[in-house]
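Novice: Here's a structure for you.
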Amino acid sequence: MEIPYTFQSQTLPGGRSTDFTDGPRMNVRLVVKAFLGSVQDALVRGEGIEIRGFGTFRVRHRKARTARNPRTGEPVEVPPRSAPVFRPSSLFRARVDRTASHLAGGPAEGTGGAGV
């Protein structure tokens, strides 16, 4: 089953665009669709994918369990299932944390918290 992907150009801080390629947009779409399809195919086969500096995709298998209906409090059996998970690398998390801190008006990087 092919899952349709949509692509959207956005403007980033500093006026930069997410359209950072000089090639035709269709080529970029094909590459991204092929990449995402490959990741999905690997996960369906039970394989994990590691992209150094970015993160790891894998499948988490969850056991069957008994939960509670929050409205009635009655026990409900939840069947076992598998779910795709993504874990960002430490480099990815650090970059996002620095960016989020900067956008929120936090201390500038390398200032020891002085914000100067």
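Where a number appears in this text, it was derived from the coordinates with a stated rule and is not lab data. Just so we're clear, the structure is a prediction, and the values are computed from it rather than from any experiment. Every residue, glycine among them, receives a Cβ derived from its backbone with ideal geometry; neighbour counts consider all protein chains shown.
Novice: Across bins of 5 angstrom width beginning at 0, how are the C-alpha pair distances of region 13-103 distributed, in whole percent?
Specialist: Calculated over all Cα pairs of region 13-103, the distribution is 3, 10, 11, 13, 15, 15, 12, 9, 6, 4, 2, 0 percent.
Novice: Near residue 86, within a Cβ-to-Cβ distance under 14 Å, what is the net charge of the other residues, with Lys and Arg +1 and Asp and Glu -1?
Specialist: Combined, the nearby Lys, Arg, Asp and Glu give +3.
Novice: Counting Lys and Arg as +1 and Asp and Glu as -1, what is the net charge of the other residues whose Cβ lies under 13 Å from the Cβ of residue 55?
Specialist: Local charge sum for residue 55: +4.
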